[in-house]
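Colleague: What follows is a structure written as C-alpha cells; I'll ask about it next.
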Amino acid sequence: MPHFYTKDLATPPMPFEEEGFKFCYEAQSLRDSKVSLICVQHRLGDFCLLKIKQQGGVLCKGEKSTRPIPVGILQHALKILSHYGKEVKGNLALSHCPSGAHLVDFNNFNFERFYLEIGFGSGRFLLQKAQANPKEVYIGLEVHTPSIEQVLRQIELLGLTNLYIARADARTILEVLPPNCERLDIHFPVPWPKHPNRRIFTPYTLENMLAVLRPQGEIWLRTDSLEYFKASLELAISAPTCHATIAKNAPQEGVVSKYEARWVRQKKDIYDLRLKPTTPSTRPKLPLLLSAGQNIKYKGVKAASLWQEKPKMGENYFLNIQDVLEYGHLWLLSVSLGDVRSPLNKVLCWDRKGGLGVCGGAPFNTRAQHRAHEALCALLREV
Ligand SMILES: C[S@@+](CC[C@H](N)C(=O)[O-])C[C@H]1O[C@@H](n2cnc3c(N)ncnc32)[C@H](O)[C@@H]1O
C-alpha cells in the first residue's frame, strides 16, 4: 500500500487545494499524541491520511477504513503531500488510475433488472458474461481490493458499459439490495472448513439472497467443496420457501472462471446447487445507505470517556469507539460498528456544534448498522 517516510513534513496551512484534492484539516488523536488524521476531499469521495510520528521522522499512509478505490487516488494525494517533506522515502510511483466510473453508485442504485456475482476474484466469468450480453446489467461484489482494481482496468480496456463493481461484503449488502436480481452467482466461494460462520452461505445470508431475486430469479452456487455443497443444500432444505436442484460435474455455460479452470485441471468434482424462490420477496424498499446526519447536542464531557467505554454488544449489533481525534469543534470518531459477525470500521465526523457525518462513504442501511448507529447517537447525547 502506498506510504512515505519523511524527516519532517511542513504542509501549507489547511485547507489547501492541489491537483483536484482538498486537504481539509488535520485532526489530532486524543488517545495517542503521535497519531493524526488528515481529511482529504476528492471528486470521487473523501478519505483520511494517517500521519504517525516516529523516531526521527513521520510516516504517512492511507487510513484503512476510508481507503479509496481506485487506490491511485490515495497514491496521488500522498504524492502531493510528500512534496512538503524532507528526505522522502516510500512507494509512491503513480500507476494508471482507472476512472472509477464503473464503481457502483449506491446513492443511485436503480437497476430494474441485474445479474449479480459475489466474490468475482479475477473477474474472468463476470467480464465475459457482460461482454457476451451487452443488453444486461452485471454487478460484481468483492472484498479483495487488488481484484477490484484489476477488474476496473479490464472494464475500461474492454470498453464495457453494462458492468459495475463494488468493494462490499456480500454478507451485509444482501440485506439491502432491491429484489431485482435475475441471477445471483456464487462460484467457488472460500469454503472456510474451520469457520463456517465466515461463509457466504449461512441461514441469514440465504434469506437475504432469496429476498433480492426477481420472481423467476435464481441463485447458482458452484463449488469444488463437497462439505460446503452439503451444508448449503441442508440450509436450502430448511429454508421455508425455495426450490432446489443439484448437479455433479454439470457442463459450464461456456465461460469458465479462474478457479473452475484450476479445479478442472486437477480433475476435481464440481457441485452445483441452484435455488429459486417459491414466494415473491416482500421486503420493503429502503434507502441503500444509512444517513448519518443527526443533531446531537454536546454536553461537554471529555473525549476519553468515549474510547474508554467497553465495546457495546447489544441484540445483534456491535459498537466500539477506538479513538477520538480532534480538530476545533470537530471530533473524528474511529469506530467499529454494525453486525457482530462482520463489524465495519469507519471514521465518523461529529461536528459538536451540528450533525454527525461519515468519512469514506456511508455504511449500508442494515438492521445491525441501524442499531449500532442508534446506540452511538445515544452515547453521544450523554457526553
Ligand atoms: C476462491 S475465490 C473465487 C473467485 C471466482 N469466483 C472464481 O471462480 O475464480 C473467492 C472470492 O470471494 C471473495 N469473497 C470472500 N468473501 C466475500 C464476501 N463476504 N463478499 C464478497 N466477496 C467475498 C474473495 O475475496 C475471493 O476473491
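The values are calculated or read from the model by the stated rules, or taken from the named source; none is laboratory data. Quick caveat: nothing in here was measured; it's all calculated off a predicted structure. Every residue, glycine among them, receives a Cβ derived from its backbone with ideal geometry; neighbour counts consider all protein chains shown. Remember, those area values only see protein heavy atoms, side chains included, never the ligands or the DNA or RNA. Shrake-Rupley method; radii C 1.70, N 1.55, O 1.52, S 1.80 Å.
Colleague: Please work out how much length the chain gains when fully extended from residue 308 to residue 234, using 0.36 nm per residue of separation minus the C-alpha to C-alpha distance, in nm with one decimal.
Modeller: The span from residue 308 to residue 234 would gain 22.3 nm if fully extended.
Colleague: Using only the alpha carbons, work out the radius of gyration and Dmax of region 3-91 in angstrom.
Modeller: 12.1, 35
Colleague: Hey, could you pull the Cα Rg and Dmax for region 12-169, both in Å?
Modeller: 18.2, 58
Colleague: Could you go through region 113-125 in sequence order and give the Karplus-derived ³J(HN,Hα) for each residue, using 6.51 cos²θ - 1.76 cosθ + 1.60 with θ = phi - 60°, rounded to whole Hz, and x for Gly and Pro?
Modeller: Those phi angles translate into 7, 8, 9, 10, 10, 9, x, 7, x, 5, x, 4, 5 Hz.
Colleague: Taking the dipole about the Cα centre of region 265-383, with the C-beta of Lys and Arg at +1 and of Asp and Glu at -1, give me whichever of 282, 360, 304 is farthest to the positive side.
Modeller: Going by the charge dipole, the pick is 282.
Colleague: Right, here's the next one. Where only protein heavy atoms count, and the probe is 1.4 Å, what is the accessible area per residue for region 304-382 in Å²?
Modeller: 42 Å²
Colleague: Which semi-axes, in whole Å and largest first, does the equivalent ellipsoid of region 110-277 have when worked out from the alpha carbon gyration tensor as the square roots of 5 times its eigenvalues?
Modeller: Numbers: eigenvalues 107, 75, 46 Å².
Semi-axes, largest first: 23, 19, 15 Å.
Colleague: Moving on. At 0.36 nm per residue, and after removing the present C-alpha to C-alpha distance, how many nm does the segment from residue 133 to residue 286 gain when stretched out fully?
Modeller: That works out to 52.1 nm of additional length.
Colleague: At 7 Å along Cα-to-Cβ for each site, give me the label-to-label distance between residue 10 and residue 25 in nm.
Modeller: Those two pseudo-labels are separated by 2.5 nm.
Colleague: Next question. What is the dipole size for region 304-382, taken about its Cα centre, with +1 at each Lys and Arg Cβ and -1 at each Asp and Glu Cβ, in debye to the nearest 20?
Modeller: Taking the Cα centre of region 304-382 as origin, the dipole is about 140 debye.
Colleague: Top to bottom by accessible area (1.4 Å), largest first, where do 136, 315 land?
Modeller: Heavy-atom accessible area, descending, gives 315, 136.
Colleague: Let me ask another. Using bins 10 angstrom wide from zero, how does P(r) for region 304-382 break down, in % of all Cα pairs?
Modeller: With 10 Å bins starting at 0, P(r) equals 19, 57, 22, 1.
Colleague: Just going by the charge dipole of the chain, with Lys and Arg at +1 and Asp and Glu at -1 on Cβ, which of 161, 80, 313 is farthest out on the positive end?
Modeller: Value computed over the given set: 313.
Colleague: Right, here's the next one. Order the peptides 152-160, 205-213, 49-57, 280-288 from the highest to the lowest mean number of other Cβ atoms within 10 Å of their residues.
Modeller: So the order, starting with the most tightly packed, is 205-213, 152-160, 49-57, 280-288.
Colleague: Starting from the Cα-Cα distance between residue 33 and residue 367, subtract it from 0.36 nm times their residue separation and give me the gain in nm to one decimal. Let's see the in-between values first.
Modeller: Details: separation 334, 0.36 × 334 = 120.24 nm, distance 3.56 nm.
Here the answer is 116.7 nm.
Colleague: What does the charge dipole of the chain about its Cα centre add up to, to the nearest 20 debye, if the Cβ of each Lys and Arg holds +1 and the Cβ of each Asp and Glu holds -1?
Modeller: For the chain, the charge dipole is close to 560 debye.
Colleague: Using Cα-Cα distances under 8 Å and only pairs 6 or more residues apart, what relative contact order does region 253-359 have, in percent?
Modeller: Once normalised by length, the contact order is 20 percent.
Colleague: How long, wide and thick is region 275-319, going by the Cα atoms along their three principal axes, in whole angstroms, largest first?
Modeller: The Cα atoms of region 275-319 stretch 54, 24, 13 Å along the principal axes, largest first.
Colleague: Another question, if that's okay. In percent, how large is the relative contact order of the chain, given Cα pairs closer than 8 Å and 6 or more residues apart?
Modeller: 15 percent
Colleague: Moving on to the next point. 7 Å from Cα along Cα→Cβ at both residue 298 and residue 161: what's the point-to-point distance in nm?
Modeller: 4.9 nm
Colleague: Also, I was wondering about something else. Taking the Cα atoms of region 58-113, report the difference between the largest and smallest coordinate on each principal axis, in whole Å and largest first.
Modeller: Projected onto its principal axes, the Cα set of region 58-113 covers 54, 23, 14 Å.
Colleague: Can you flag which of 64/285; 129/268; 34/310; 61/129; 135/276; 129/248 are past 29 Å Cα-Cα?
Modeller: On the way: 64/285 31 Å; 129/268 24 Å; 34/310 23 Å; 61/129 37 Å; 135/276 23 Å; 129/248 22 Å.
64/285; 61/129, as the Cα separations exceed 29 Å there.
Colleague: Moving to a separate point now. Whole-Hz ³J(HN,Hα) for each residue in region 258-267, computed from phi via Karplus 6.51 cos²θ - 1.76 cosθ + 1.60 with θ = phi - 60°, x for glycine and proline: what do you get?
Modeller: Along region 258-267, the couplings run 4, 5, 4, 4, 5, 6, 5, 4, 8, 6 Hz.
Colleague: Can I get the semi-axes of the chain's equivalent ellipsoid? Compute them from the C-alpha gyration tensor as square roots of 5 times the eigenvalues, in angstrom, largest first.
Modeller: 39, 26, 18
Colleague: Under a Cβ-only charge scheme (Lys and Arg +1, Asp and Glu -1), can you give me the dipole magnitude of region 3-91 about the Cα centre, in debye to the nearest 20?
Modeller: Here region 3-91 has a charge dipole of around 300 debye.
Colleague: To the nearest 10 Å², what's residue 198's accessible area with a 1.4 Å probe?
Modeller: 110 Å²
Colleague: Can you give me the % of accessible surface on the chain that is carbon or sulfur? Probe 1.4 Å, all protein chains present, nothing else counted.
Modeller: Values: 9720 of 18710 Å².
Within the chain, the accessible surface is 52 percent carbon and sulfur.
Colleague: Mind listing the phi-derived Karplus ³J(HN,Hα) values for region 36-53, rounded to whole Hz, using 6.51, -1.76 and 1.60 with θ = phi - 60°, and x for any glycine or proline?
Modeller: 9, 10, 9, 8, 10, 10, 9, 4, 8, x, 10, 7, 10, 9, 9, 10, 10, 6
Colleague: Rounded to the nearest 500, what is the chain's calculated 222 nm mean residue ellipticity when only DSSP H runs of at least 4 contribute -39500 (n - 2.57) each, over all residues?
Modeller: My calculation for the chain gives -6500 deg cm²/dmol from helical runs alone.
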